[in-house]
Amino acid sequence: MGLGTWSFGGGEYWGPQSQADVDQVVGRAIELGLTYFDTAEMYNAGASETSLGLALRGRRDHVIIGSKVSPANTAPAVLREHCEASLRRLQTDRIDLYMVHWPIHADSIRHFTKDEAVIRQPPTTRDAFLTLAALQREGKIRHIGVSNFGVKQLEEVLALGVTLAVNELPYNLLMRAIEAEILPFCRAKGIGIIGYITLMQGVLAGDFASFDELPPIRTRTRHFSRRRAGSRHGETGFEVETMAALQAIRAIAREESVPLSDLALAWALANPAVNCVLAGCRNLAQLEENTRALRIELADRTLGRLNTATEDLRQKLGPNPDFYQGTSHTRIW
């Protein structure tokens, strides 16, 4: 299990975040044996990196730091500048795992910048990854990774002779698209998998009777109707199937006498093809709740029941792992 730090530093998406809480969470996480901390330059406009750097003072050598550069910032000179900025915010001389946050093309870049020139003429994958390889040789980064890359996009990078350590991807009981193509490919090529959004931003942790009870920011994925606020996927959604899967998961959790969130985390942790499962938290109580799942070993029968309960939804959503944009304009291929 790794610690997701998007909330660190506070910001518009998650709201205010106390540095005192961050310090306590990071310290306790290390005590519990969590060694991987995942951040990105875009998380709260760099405040996440800054907050994590403050919390890790005096214990940097005990952890692995992963950060991500936005695809809009991957032209060679710009990429170097942004890597240096992340190093300063993290108060470190190297980033253990440095990932390109999304594939480098206009459809993903437009979510990171309003610079029309960059959107019209994106940096090239070749220039970006050869620059990352140079930063690796210089010791600024230890390993090169990607996030949200599909098979063809991975092949393009590998053809450059670059070794990829990790592909960070959405993975939870209600988001199993990577099982179709990307996960087997990564396993065959020796590329590690980090699963994020493991609790689907609270959907797999809450008890609600209707999706109308969820904040609009949590109902933007292809599971939900295109009529939901903030939706941009343009598809009809699969709300009936999603609720049916969720109710079936809840029933299994009750039968196993395991909290829903623990069950969801334990399911992801049980997949041998997934190297690390991210769980975000904002305080010690949430950290202790998340790490309970590390002590749960689900029986094969239970894992099978959970897979069966979510199989119809998996089939309906298909192999497109871009859950925010429709299959006709996915950013991942």
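Could we say that Arg120 is charged (D, E, K, R), surrounded by fewer than 19 Cβ atoms within 10 Å (Cβ to Cβ), closer than 27 Å to Asp61 by Cα and touching a residue at least 12 places away in the same chain (Cβ under 8 Å) here? It is false that Arg120 is charged (D, E, K, R), surrounded by fewer than 19 Cβ atoms within 10 Å (Cβ to Cβ), closer than 27 Å to Asp61 by Cα and touching a residue at least 12 places away in the same chain (Cβ under 8 Å). Of the residues making up the stretch 12-55, those that are under 25 Å from Ala293 (Cα atoms) and aromatic (Phe, Trp, Tyr) are Trp14, Tyr36, Phe37. Can Gln201 be described as outside any loop (DSSP other than H, G, I, E, B) and on the phi > 0 side of the Ramachandran plot? Yes, satisfied. Per the listing Thr236, Thr310, the residue uniquely among the polar types (S, T, N, Q), modelled with pLDDT of 95 or more and not in a loop (DSSP other than H, G, I, E, B) is Thr310.
Residue check: Glu213 meets all listed conditions (1) without any contact (Cβ under 8 Å) to a residue 12 or more places away in the chain; (2) crowded, with 21+ Cβ neighbours inside 10 Å but one, namely (2). The number of residues in the stretch 129-146 being closer than 14 Å to Pro103 by Cβ and either assigned to a strand (DSSP E or B) or more than 21 Å from the chain's Cα centre (by Cα) (or both) comes to 2. Residue count for the stretch 230-275 satisfying the condition of being in contact with a Gly (Cβ under 6 Å, 6 or more places away or on another chain) and surrounded by fewer than 21 Cβ atoms within 10 Å (Cβ to Cβ): 4. Among the residues of the stretch 321-333, those identified as modelled with pLDDT of 95 or more and either under 27 Å from Tyr36 (Cα atoms) or of a type in the set (Ser, Thr, Tyr) (or both) are Pro321, Asp322, Phe323, Tyr324, Thr330, Arg331, Ile332. Take the conditions (1) touching a residue at least 60 places away in the same chain (Cβ under 8 Å); (2) exposed (fewer than 14 other Cβ atoms within 10 Å of the Cβ); Arg227 misses just one of them, which is (1). So which residues in the stretch 276-307 are surrounded by fewer than 17 Cβ atoms within 10 Å (Cβ to Cβ), small (Gly, Ala, Ser) and assigned to a helix (DSSP H, G or I), if there are any at all? Scanning the stretch 276-307 gives Ala285, Gly304. Is it the case that some residue within the stretch 72-91 is over 24 Å from Glu116 (Cα atoms) and among the β-branched types (Val, Ile, Thr)? No: zero hits.
Here Asp207 qualifies as modelled with pLDDT under 95 and loosely packed, with under 13 Cβ neighbours inside 10 Å.
Do you know which of the residues in the stretch 79-117 that are among the hydroxyl-bearing types (Ser, Thr, Tyr) and over 18 Å from Glu168 (Cα atoms) is surrounded by the most Cβ atoms within 10 Å (Cβ to Cβ)? The qualifying residue surrounded by the most Cβ atoms within 10 Å (Cβ to Cβ) is Ser86. The residue list Gly195, Gly161 contains one member that is modelled with pLDDT of 95 or more, within 15 Å of the chain's Cα centre (by Cα), small (Gly, Ala, Ser) and not in a helix (DSSP H, G or I), which is Gly195. Say whether the condition of being aliphatic (A, V, I, L, M) and under 18 Å from Ala273 (Cα atoms) is met by at least one residue in the stretch 150-161. Yes; the residues of the stretch 150-161 include at least one that is aliphatic (A, V, I, L, M) and under 18 Å from Ala273 (Cα atoms). Counting the residues of the stretch 13-49 that are free of Cβ contacts under 8 Å to residues at least 12 places away in the same chain and either crowded, with 19+ Cβ neighbours inside 10 Å or of a type outside the set (Gly, Ala, Ser) (or both) gives 2. Got a number for residues in the stretch 247-267 being in contact with a Ser or Thr (Cβ under 8 Å, 6 or more places away or on another chain), more than 18 Å from Thr35 (Cα to Cα) and hydrophobic (A, V, I, L, M, F, W, C)? Total satisfying the criteria: 4.
Looking across the stretch 157-173, the residues that are surrounded by 18 or more Cβ atoms within 10 Å (Cβ to Cβ) and farther than 20 Å from Arg94 by Cα come down to Val157, Leu169, Pro170, Tyr171, Asn172, Leu173.
The values are calculated or read from the model by the stated rules, or taken from the named source; none is laboratory data. Please read these numbers as outputs of a predicted model, since none were measured by experiment. Virtual Cβ from ideal backbone geometry, glycine too; neighbours counted across all protein chains shown.
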